[in-house]
Amino acid sequence: EVQLVESGGGMVQAGGSVRLSCAASGFDFPEYDMAWVRQAPGKGPEYISAISAHGGTTYYKPSVGGRVTISRDNTKNTLVLLMNKLKPEDTALYYCARVSSWRLKTTDYWGQGTQVTVSS
C-alpha cells in the first residue's frame, strides 16, 4: 500500500525556516512526480510545489517560489521541502502528495500531514 509519512513540522517564529521531510513506501517512488500541498485553517488545499520523478523539473507556486525549495532523494525514497522567511500565513497542515497529473496539478495519495505553525 502507498504510504507517505511527513515529519519536521512544528512551531517556528516568523522569519525562521523549516525543513519538512516525507518518507515514501509502497510504490516505485523514482517513477512518480511528487508535490507538497498545504491547507490552512478554514481554507482549501493549496498546491505549492512539485518535483518531477528524477528531480530535473520543479514547480513553485509564484506566491511562495522565492522562499521554497523542493528536492528528493530517490535512493532513500525521500521528499524534502525547505521553507524560509516564514510568515504567519504559512501556518498550515503540510502534506506530501503523489502527483497524478503534472499539467493539471492533481494528486492521488497524500500523507497524514505535518503541522507548521508560524508565530509573530
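In table form, for the structure just shown:
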quantity	calculated
Alpha-carbon centroids, region 93-118 and region 45-88: separation in whole Å	11 Å
P(r) tail fraction, region 1-59 - alpha-carbon pairs more than 17 Å apart, %	54 percent
Charge sum, other residues only, whose C-beta stays under 9 Å from ARG67's C-beta, Lys/Arg counted +1 and Asp/Glu -1	+1
Sulfur and carbon atoms: percent of accessible area, region 5-99 [1.4 Å]	51 percent
Pairs of lysine residues in region 27-98 - Cα separation under 19 Å, sequence separation of 8 or more or cross-chain	4
Accessible area expressed per residue, region 1-83, with surrounding protein chains retained (probe 1.4 Å, Å²)	49 Å²
Exposure ranking of GLU6, GLU1 by accessible area [1.4 Å probe, largest first]	GLU1, GLU6
Cα-Cα P(r), the chain, percent of pairs per 10 Å interval	15, 51, 30, 5, 0
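The values are calculated or read from the model by the stated rules, or taken from the named source; none is laboratory data. Bear in mind that the values here come from a model prediction, so they are computed numbers and not experimental data. Cβ sites come from the backbone with ideal geometry, for glycine too, and all protein chains shown count toward neighbours. These accessible areas exclude ligands, DNA and RNA; they are computed on the full protein's heavy atoms, side chains included. Shrake-Rupley method; radii C 1.70, N 1.55, O 1.52, S 1.80 Å.
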